[in-house]
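What follows is calculated from the coordinates using simple rules that are stated; it is not laboratory data. Computed from a prediction, not measured in an experiment: that's the story for all the values here. A quick note on method: Cβ atoms are made from the backbone with ideal geometry, for glycine too, and the neighbour counts reach across all protein chains shown.
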Amino acid sequence: MKKVIVVGGGAAGMMAAVAAADSGSKVCLIEKNEKLGKKVFITGKGRCNVTNAADVETLLSNVCTNRKFLYSAFYGFDNTAVMEFLERAGCPLKIERGDRVFPVSDHSSDVIAAFRRELDKRKVEIRLNTEVASLEVCENPKSDSGDGEKSKKSFYRITGVRLKSGKMVEADKVILCTGGVSYPSTGSTGDGYRMAEETGHQITKLFPGLVPLETKETWCRELMGLTLKNVSLRLVRGNKELYQGFGEMLFTHFGVSGPLVLSAGSLYTPGEARLFIDLKPAMTEEQLDNRLLRDFEENRNKQFKNALGALFPIRMIPVMVSLSGIHPDKRVNEVSKQERQNLIRLIKNLPLTVTGARGFQEAIITRGGISVKDVNPSTMESKKVEGLFFAGEVLDLDAFTGGYNLQIAWSTGHLAGIS
């Protein structure tokens, strides 16, 4: 019976351990934290958006980086397979707005408990509070064709892992699922990148992903805590549109956050960029003009600052009045057509200047990681070290919010495990 060590007990690691055990291997899951699924526990604000119920092509279209690499993984173990697995494991699920899938209980702990039961059922050895220091490899005799020519086989072969205590744990295969560097308090401290690099793998540049954005404009601070629903957002650099989406966003003391902004943050790279918020995306400029004319007619003798209650949240009115350039005390029946047109453009394209993204401490995921050029997409096995596999966030794969990143973890974990 082959011995498989899975390094990291997060989403990808737990799934890899289950799949490897189902494939007839003796599995040891090593986790440096005191419990499994520490990052899973805090995802979706503790509710755990386990996947998205859309079709697989939609899942793939929401992957930002290296989506083609995921074809085998996603089609081999898709969102339906994930949902069936969790429900069989005693964690009933529900589908919410945007096809996002959550436990019926709204408790991420139920997802982790379901995995724990499945791991115990398969007699997976779980070592908590145990840190892996390095991967152990040796020269691969199979990589030499006999006449001194190097064959296509990997030059190195995995032999196990060395723990921080100095102890060597031998294995036939190792699956590295150590996550990224976002939310370091959950144990994601980049160990996997170092271990992969030490064994000859390329690590692409790391950026915070699904991260709030900082803005130059200070009026965001005045609106701190205000959520806008059903708005459109564009992220633009120069003449290039980097992101466009519809949904929910939030103002903060440093700028903007919320699902829409986090997704935009996954396509932002350092440097100045512009955000444009369409506060009324369901209306054309002409429809909005008619709406304004009606509102102004109903409030014709009121001051401009007191005539916008039906259009914006109360807290937003002073900001919009200030940005419009229309004097707050001006009677609405005196507002000129040009002033009205300027207000319409402001409502449809409220501008913000992005000066940077928040750091890894606030990023939900890590963008970048082990280069997929070094990994076989059909098996998740390293092309550099025979018997070494990768899964989850440690790879250079990331997606928008909505359950897509956890689907990457489940699918790559399952594929690594069965391989």
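What the table shows:
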| item | result |
| --- | --- |
| Calculated FRET efficiency for the pair Gln338/Thr227, C-beta based, R₀ 41 Å, to 0.05 | 0.80 |
| Degrees separating the helix 11-22 axis from the principal Cα axis of the chain, which is the longest one | 40 |
| ³J(HN,Hα) computed for each position of segment 125-131 - Karplus, 6.51 cos²θ - 1.76 cosθ + 1.60, integer Hz, glycine/proline x | 6, 10, 10, 8, 6, 10, 10 |
| Arg331 long-range amide H proximity, modeled H, under 5 Å | Phe304 |
| Unsatisfied cross-links (Cα-Cα over 18 Å) in the set Lys280/Lys348; Lys39/Lys205; Lys2/Lys123; Lys26/Lys121; Lys216/Lys280 | Lys39/Lys205; Lys216/Lys280 |
| Label-point gap, in nm, between Asp289 and Thr379 - each point 7 angstrom along Cα→Cβ | 6.5 |
| Stretch gain in nm, segment Ser371-Asp329, where the contour uses 0.36 nm per residue and the Cα spacing is subtracted | 9.2 nm |
| In sequence order, calculated HN-Hα J values of segment 198-206 (Karplus, 6.51, -1.76, 1.60; Hz; x Gly/Pro) | 4, 9, x, 8, 7, 10, 6, 4, 9 |
| 0 to 90° range, to nearest 10: angle between helix 404-418 axis and the chain longest Cα axis | 10 |
| 5 angstrom amide H check on Gly160, placed H, neighbours 5+ away | Glu136, Ala171 |
| Residue pairs, from the table Lys38/Lys384; Lys32/Lys167; Lys173/Lys384, whose Cα atoms sit over 19 Å apart | Lys38/Lys384 |
| Calculated FRET value between Glu125 and Arg97, using beta carbons and R₀ = 56 Å, to 0.05 | 0.90 |
| Residue-by-residue Karplus 3J(HN,Hα) for segment 31-37, coefficients 6.51, -1.76, 1.60, Hz, glycine and proline x | 10, 7, 7, 7, 8, 7, x |
| Straight-distance crosslink candidates among aspartates and glutamates, where the alpha carbon sits under 17 Å from Lys302 and sequence neighbours closer than 8 are dropped | Asp329, Glu334, Glu339 |
| Rounded to 10°, Cα long-axis angle of helix 285-298 versus longest principal axis of the chain | 50 |
| Relative packing of peptides 280-288, 265-273 - highest average C-beta neighbours within 10 Å first | 265-273, 280-288 |
| Label-to-label distance, nm, for residues given as Thr269 and Arg88 (7 Å Cα→Cβ offset) | 4.3 |
| Neighbour cut-off at most 13 other Cβ (10 Å), DSSP loop, trypsin sites (Lys or Arg not before Pro), segment 291-358 | Arg300 |
| Centre separation in Å (Cα based) which lies between segment 374-400 and segment 80-104 | 26 |
| Efficiency of FRET between Tyr75 and Glu197 - r from beta-carbon atoms, R0 22 angstrom, step 0.05 | 0.15 |
